[in-house]
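Every read-out reported here was derived from the displayed coordinates using simple, explicitly stated rules and does not represent laboratory data. Remember, it's a predicted structure, so these values are computed and weren't measured experimentally. Neighbour counts run over all protein chains shown; Cβ positions are idealised from the backbone, glycine included.
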Amino acid sequence: MTARILDGLALATSVRGQLAERAATLKSQGVTPCLAVILVGEDPASAVYVRNKVAACEKAGMRSIKDSYAADIDPAEVFARIAELNADPEVHGILVQLPLPGHFDEDAVLEAIDPSKDVDGFHAGNIGALMQGNPRFIPCTPYGVMKMLEAEKVNLKGAEAVIVGRSNIVGKPMAMLLLAQSCTVTVCHSQSRDLAFHTRRADILVAAVGRARMIRGDMIKPGATVIDVGINRLPDGKLCGDVDFESAREVAGRITPVPGGVGPMTITMLLANTLEAAERTLMEKTA
Ligand code: NDP
């Protein structure tokens, strides 16, 4: 079997087109969706992510604000800026690019963002709402994965879903979303015994670890849907996922490539969350 390759770029382009139409409608009603992004420090990967997010906003007809701070900035200044953005009715989404320098309390920074503007969905209140099955903002990467599964009409009800990785930004929210769709969910991590035993049972396998090509074809159930969230840079500078694409595609039924799979959907869902936040403010205004 050769797996069907799920084209995240094509889906992202189509969804972004729909979002741009919704943004135009909002604008015609006097609301321009606006995302504020805070970047602290000079980490090159973070700088690229922020640049891409800002560019995606502009392209979809949304406004963006970018605040950059030196790595040694006093955290109080960042907290003060977050408070300002929280209070600004023209700002609908606020995002602090992670990771932050070591002298920052990351959790405290995330908690300082108004939950109704927390478009990354990392605020404890928003994580709680997701757990309760009543999400306000879904974290962008797992949200993008769910959109890909939905677009492919993957049957989730009763399916065995195995997630490798238990981070707050990918693994855990992914588990909640698949559970909400009635999958039977297993979450594996660095202490899991016999990883392959679990992955071979998966109808839906999500890899979110950050270790190049660790999931090989012989760890995959024939016909499974394999979602590769990992982004790893190889010594030759190329990107690859957590799944060994060449051996996996011979076994899986569907597979996402890296690059061009989950990555483009992540920023797309950030735009979706920002737009939803802006739409909610308009609804509140007119209610
Ligand atoms: P984290 O480092 O926060 O989490 C990695 C997880 O993998 C941990 O839960 C860890 O377990 C687990 N793990 C580590 N080694 C193993 C192992 N040998 N076997 C099983 N599990 C293991 O990473 P993130 O969740 O932030 O990101 C994961 C990957 O996804 C990265 O490559 C990242 O770049 C990528 N990413 C991609 C995005 C996209 O848009 N496509 C967005 C976000 C992330 P433990 O908890 O026990 O330490």
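Out of all the residues in segment 109-132, which are over 18 Å from THR281 (Cβ atoms), touching a residue at least 24 places away in the same chain (Cβ under 8 Å) and of a type in the set (A, V, I, L, M)?
VAL109, ALA112, ILE127, LEU130, MET131
All but one of (1) outside any helix (DSSP H, G or I); (2) touching a helix residue (DSSP H, G or I) at 6+ places or on another chain (Cβ under 6 Å); (3) of a type in the set (S, T, N, Q) hold for ASN126; state the number of the condition that does not hold.
If we test ASN126 against (1) outside any helix (DSSP H, G or I); (2) touching a helix residue (DSSP H, G or I) at 6+ places or on another chain (Cβ under 6 Å); (3) of a type in the set (S, T, N, Q), just (1) comes out false.
Looking at ALA202 and the list (1) closer than 25 Å to MET269 by Cα; (2) crowded, with 20+ Cβ neighbours inside 10 Å; (3) away from the ligand (no atom under 13 Å from the Cβ), which single condition is not satisfied?
Going through (1) closer than 25 Å to MET269 by Cα; (2) crowded, with 20+ Cβ neighbours inside 10 Å; (3) away from the ligand (no atom under 13 Å from the Cβ) one by one, ALA202 breaks only (1).
In segment 165-190, what count of residues is obtained for those that are within 16 Å of the ligand (Cβ to nearest atom), over 18 Å from ILE138 (Cα atoms) and out of contact with any helix residue (DSSP H, G or I) (no Cβ under 7 Å at 6 or more places or on another chain)?
2
Six or more apart or on different chains, Cβ atoms under 7 Å: show the pairs whose first residue is in segment 1-22 and among the aromatic types (Phe, Trp, Tyr) and whose second is surrounded by 16 or more Cβ atoms within 10 Å (Cβ to Cβ) and assigned to a helix (DSSP H, G or I).
Once the first residue is among the aromatic types (Phe, Trp, Tyr) and sits in segment 1-22, no partner that is surrounded by 16 or more Cβ atoms within 10 Å (Cβ to Cβ) and assigned to a helix (DSSP H, G or I) comes close enough.
Determine, yes or no, whether GLU284 is in contact (Cβ under 8 Å) with a residue 60 or more places away in the chain, away from the ligand (no atom under 16 Å from the Cβ) and surrounded by fewer than 18 Cβ atoms within 10 Å (Cβ to Cβ).
So GLU284 does not fit the description; no.
If you scan segment 213-227, which residues turn out to be among the β-branched types (Val, Ile, Thr) and within 8 Å of the ligand (Cβ to nearest atom)?
None; the set is empty.
Given the criterion within 8 Å of the ligand (Cβ to nearest atom), in a helix (DSSP H, G or I) and either out of contact with any His (no Cβ under 8 Å at 6 or more places or on another chain) or closer than 30 Å to GLN29 by Cα (or both), identify the matching residue among GLY210, GLY230, GLY263.
After applying the criteria, what remains is GLY263.
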